[in-house]
Amino acid sequence: MIQCKKLSRDFKIYTKRQGFKGTLRSFVKRDHYINSAVKDFDLELNDPGLVGLLGPNGSGKTTLMKMFTGIIIPSRGELKVLNEIPGHRKRIFRKNISLVMGQKSQLWWDIPVMDSFLLFQRYYEIEEKTFKQRVSELGERLNTKKLFHVPVRKLSLGERMKMELMACLLHEPKVIFLDEPTIGLDIVAQKNVRAFLKDYYQEKKPLIVLTSHYMADVEALCEKIILILEGEKKFEGSINDFKSRFRKEKTVVFNFEEEVKNFPKEWEKKFYCEWNQDRSQLKIRSPEKDIKKIVIQILSQFSVSDFHTEKVGIEEIMDEILSNV
């Protein structure tokens, strides 16, 4: 469904020196440098699925999305989506993909939502009966039917994002690109969008490629992760493989019956230890090979009321990876 080899995209960034003299000089000679947003990116996705594209700001995620949809032409390399070259923007290609960008709206700002939907109906050549059925079903599942005749500018951010999702799904695309679809939404709205996307995927089985700064989106939805840093692919695989590759440690949380005063200092130096304010709870992180020994020693030396291992989240791993970039 998506195949790319040595895919690269360079941008020429122009600069100008400060002041009036700098402005005059730019008329004669414009200074610039080349920024490689994506470098030799290889990817092959042949089956439907939920794929998370992770990386910090400026890593090249949005540039990739735009190349996949034909908005941007690659500088070098090979790219095919649904066996078509995206940059050619053929009619059959456009009818089988969809793109939602959390920071850019595809709906007309000053007209009711339904008017925008009707425009999409004409654009994607959706039959009247099919169109009405899909609008009704999507509106029911997203609880947006009462908002169809409200101008887009009058909608809340969460309501608008639901409408953006509806607009991108009216023609039932085979490949859906979601670039930060939950950005700016509150926790409840994020949860609702995630639940809808999960149900929609289970029913229609498209390929969904998702970028998000909310790691909860990725953990809740994605079966596969692709990590991109400074335009280069650093990892591709399952969430469990991602965790095992980038985190070889375990975290155990201990709750003590009373304040702990004589905790071994060598452990605090050797392992990551995080205490609560009254030193009655300890979160300790250590290599897997040492964790059993530490648990036995703590249980034998201190009054422990309970303890448990803590699940390692993708967000915690990403924080560590990005702090070392």
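The values are calculated or read from the model by the stated rules, or taken from the named source; none is laboratory data. All values reported here derive from a predicted model rather than from experimental measurement. Cβ coordinates were reconstructed from backbone atoms using ideal geometry, including for glycine residues, and neighbour counts include every protein chain displayed. We work out accessible area using only protein heavy atoms, side chains counted, and drop any ligands, DNA or RNA first. Shrake-Rupley method; radii C 1.70, N 1.55, O 1.52, S 1.80 Å.
Of note:
- Yes/no for residue 241 being farther than 26 Å from residue 103 by Cβ and charged (D, E, K, R): yes
- Residues in region 229-274 that are out of contact with any Asp or Glu (no Cβ under 9 Å at 6 or more places or on another chain), more than 30 Å from residue 6 (Cβ to Cβ) and either of a type in the set (Lys, Arg) or open to solvent by less than 60 Å² (accessible area, probe 1.4 Å) (or both): 256, 260, 261, 263, 264, 265, 267, 269, 273.
- Inspection of region 303-317 identifies at least one residue that is open to solvent by less than 80 Å² (accessible area, probe 1.4 Å), in contact with a Ser or Thr (Cβ under 9 Å, 6 or more places away or on another chain), at pLDDT below 80 and hydrophobic (A, V, I, L, M, F, W, C).
- Scanning region 201-249 for residues that are assigned to a strand (DSSP E or B), basic (Lys, Arg) and either at pLDDT below 80 or over 28 Å from residue 289 (Cα atoms) (or both) yields a single hit, 233.
- Members of region 28-48 found to be among the aliphatic types (A, V, I, L, M), at pLDDT 85 or above and exposed (fewer than 13 other Cβ atoms within 10 Å of the Cβ), listed by number: 34
- Qualifying residue in region 259-276 (condition: touching a helix residue (DSSP H, G or I) at 6+ places or on another chain (Cβ under 8 Å) and modelled with pLDDT under 80): yes
- Filter result (part of a helix (DSSP H, G or I), open to solvent by less than 10 Å² (accessible area, probe 1.4 Å) and touching a residue at least 40 places away in the same chain (Cβ under 8 Å)) within region 154-195: 161, 163, 164, 165, 166, 167, 168, 169
- Residues satisfying the stated conditions in region 134-153, i.e. closer than 18 Å to residue 168 by Cβ and in a loop (DSSP other than H, G, I, E, B): 143, 144, 148
- So residue 202, is it under 29 Å from residue 45 (Cα atoms) and touching an Asp or Glu at 6+ places or on another chain (Cβ under 9 Å): no
- Filter result for residue 146 (of a type in the set (D, E, K, R), buried (at least 16 other Cβ atoms within 10 Å of the Cβ) and out of contact with any helix residue (DSSP H, G or I) (no Cβ under 6 Å at 6 or more places or on another chain)): no
- Selection from region 120-143 of residues that are of a type in the set (Ser, Thr, Tyr) and touching a residue at least 24 places away in the same chain (Cβ under 8 Å): 124
- Qualifying position, being open to solvent by less than 90 Å² (accessible area, probe 1.4 Å), among the basic types (Lys, Arg) and under 30 Å from residue 148 (Cα atoms), among 25, 94: 94
- When region 198-216 is filtered for residues that are surrounded by fewer than 22 Cβ atoms within 10 Å (Cβ to Cβ) and within 25 Å of residue 67 (Cβ to Cβ), the ones remaining, listed by number, are 200, 201, 204, 205, 206, 213, 214, 215.
- Flag for residue 51 being aliphatic (A, V, I, L, M), in contact with a Cys (Cβ under 9 Å, 6 or more places away or on another chain), modelled with pLDDT under 90 and crowded, with 16+ Cβ neighbours inside 10 Å: no
- Pick from region 58-76, criterion modelled with pLDDT of 90 or more and under 13 Å from residue 35 (Cα atoms), ranking: surrounded by the fewest Cβ atoms within 10 Å (Cβ to Cβ): 75
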